[in-house]
Amino acid sequence: MNDSIIAIDDEPDFLESIKRGLVSAGLKNLTLESNSLHAAALIDEGNSYDLALIDVTMPDMNGIALLEHIKSKSPETECIMITAVNEARVAVTCLKKGAYDYLTKPISRDDLLGAVKRALERKRLLEIIAVGKTRVLPAIQNKEAFGPIITRSGKMLRVMKEAELHAGSDVPILITGESGTGKELLARAIHLSSARSRFNFTSINMASISGNLFDAEFFGHTRGAFTGAEKERAGYLEHTDKGTLFLDEIGDLPADFQGKLLRVLQEGEFLKLGQSAASRVDIRFIAATNADVDRLMARGSFRKDLYYRLKGAWLHIPPLREHAEDIPLLIDCFLGELKFPQGIKYVDEEALSSLMAYNYPGNIRELKSIIQSAANLAHGDRVTPQCLPAEMRTRKKDIAASVVASSPAGKNLADVEKEYILNVYKETGQNKMQAARLLGLGLNTLRRKLASYNVD
């Protein structure tokens with residue numbers, strides 16, 4: 001979704017006023033058309049738009065007929081009808097035929113932008129819902145912004161598509177996930193895919209800001225605001241005006257400062273230290289945490305109103321063990337980035353099997369550290385099992401030994417095999433690809449065996 005809009009009206013001056021209002025709000029992907037038949041032809045040619053603004057009264061093809069035509073050819077396009085006559089009967093007809101809203105001329109800039117933003121947000125939410133329902137892997141439109149995220153996983157691609165759709169709005173986003181999953185990388189991709197990309201992206205680790213420096217760091221200060229303040233200093237908020245502020249580890253924000261952050265989110269204003277009048281900022285907030293915020297709220301250490309304000313949209317990044325198919329891609333990427341002088345070219349099959357079977361409590365960050373260490377220990381042009389941490393080399397043997405030790409004498413081979421397979425499947429967090437690698441089986445073979453055990 002790229003917020004593409006077509007405005008159709010037979011009055012050129014009105015179209016120009018629409019253009020000025022939308023462009024001033026950053027909505028520049030705009031097509032103006034004064035002939036309704038030409039607009040219908042654009043739809044017939046396969047041009048798609050997220051939103052159509054349609055004048056009801058036009059020659060050749062009136063607005064209601066054009067609405068029906070657009071909805072028949074491009075039902076996903078949201079439509080807002082515009083008319084000079086406020087008639088309930090016409091409004092009801094338009095809504096019944098699929099229009100999202102109905103505006104009466106003259107239209108104020110605020111009314112126009114409000115209706116447009118609501119319509120685009122509705123379409124965005126419908127697309128997000130559709131991403132979760134479809135089995136077809138979504139396509140990422142802004143490949144430059146999301147390119148640094150290396151994946152072929154359906155789970156990850158769906159998270160990225162939702163992120164890309166949310167990038168078109170200004171709602172705050174909460175990103176959750178274990179440490180090392182790439183929360184800041186996703187936040188930066190959202191920023192680069194948004195209309196704010198030419199402004200600053202500021203990342204703050206909330207756990208690193210000491211209590212007595214929070215106000216000065218976050219809000220800034222004037223000259224003489226306190227002892228040692230020899231000149232005025234802009235804080236994070238002022239520095240990030242019109243851009244994106246990423247609040248990492250938001251669960252570690254001290255309770256004393258949560259109310260101050262909430263006011264900025266609600267009012268868009270803050271008070272610089274030493275300043276009597278409030279300053280206003282226009283900022284997109286993205287927060288992230290690996291903490292259980294529900295537990296923090298239950299014990300009173302995190303404000304519920306701040307949580308729900310930050311969670312305008314929610315994205316959860318799965319741990320690496322849930323998209324293990326990305327491990328070979330990530331390994332190749334890391335080997336290419338690290339550029340070892342000895343020319344490490346690849347990881348051999350046995351080492352890859354161990355890497356695929358590991359659970360990665362530290363996720364992608366841990367995988368990168370393991371590859372860097374293994375490459376430093378390698379001889380020649382490949383990483384072998386001897387280069388990996390000891391716990392990764394012995395894990396497969398440990399699982400097998402535990403199954404043998406727990407199996408009573410006289411148990412038949414099929415039962416021992418079943419127990420071994422189910423133990424490995426459990427150890428890998430029910431990740432079929434990891435389990436298949438660890439077992440030395442093909443993925444389809446493992447699926448057939450699990451089905452015979454009545455296990456999904």
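FYI, it's all coordinate maths here, none of it is from the lab. In this text, all values refer to a predicted model and were calculated from it rather than measured experimentally. Virtual Cβ from ideal backbone geometry, glycine too; neighbours counted across all protein chains shown.
In table form, for the structure just shown:
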item: Degrees, to the nearest 10: 183-192 long Cα axis against longest axis of the chain; result: 30
item: Angle in degrees between helix 443-452 and the longest Cα principal axis of the chain, rounded to the nearest 10; result: 80
item: Cα-based helix-to-principal-axis angle, 63-73 vs the chain, degrees rounded to 10; result: 20
item: For the range 316-378 and the range 30-70, distance of Cα centres in Å; result: 52
item: Projected-area average for the chain over all orientations - Cα convex hull basis, square nanometres; result: 31.1
item: Antiparallel DSSP beta bridges within the range 149-286, percent to nearest 5; result: 30
item: The chain, relative contact order in percent, only Cα pairs under 8 angstrom and at least six apart counted; result: 11
item: Centre separation in Å (Cα based) which lies between the range 90-160 and the range 161-185; result: 16
item: Residues whose placed amide H lies under 5 Å from that of ALA229, excluding near-sequence neighbours; result: GLY224
item: Descending principal axes extents, the range 1-69, alpha-carbon based, whole Å; result: 31, 27, 15
item: Of all DSSP beta bridges in the chain, antiparallel share, percent nearest 5; result: 10
item: Contact order normalised by residue count of the range 228-331, Cα under 8 Å, 6+ apart, percent; result: 30
item: CD proxy at 222 nm, helix term only [per DSSP H run n ≥ 4: -39500 (n - 2.57); per residue of the chain; nearest 500]; result: -14500 deg cm²/dmol
item: Highest-first arrangement of 307-320, 62-75, where packing means the average Cβ count within 10 Å; result: 307-320, 62-75
item: Loop-located GluC sites (Glu not before Pro) in the range 70-146, at most 12 other Cβ atoms within 10 Å (DSSP); result: GLU87
item: Order by protection proxy (mean Cβ within 10 Å, highest first), peptides 274-285, 165-176, 322-333, 444-455; result: 165-176, 322-333, 274-285, 444-455
item: Fraction of alpha-carbon pairs over 17 Å apart in the range 147-257 - percent; result: 61
item: Area projected by the alpha carbon convex hull of the range 247-374, averaged over all directions, nm²; result: 11.9
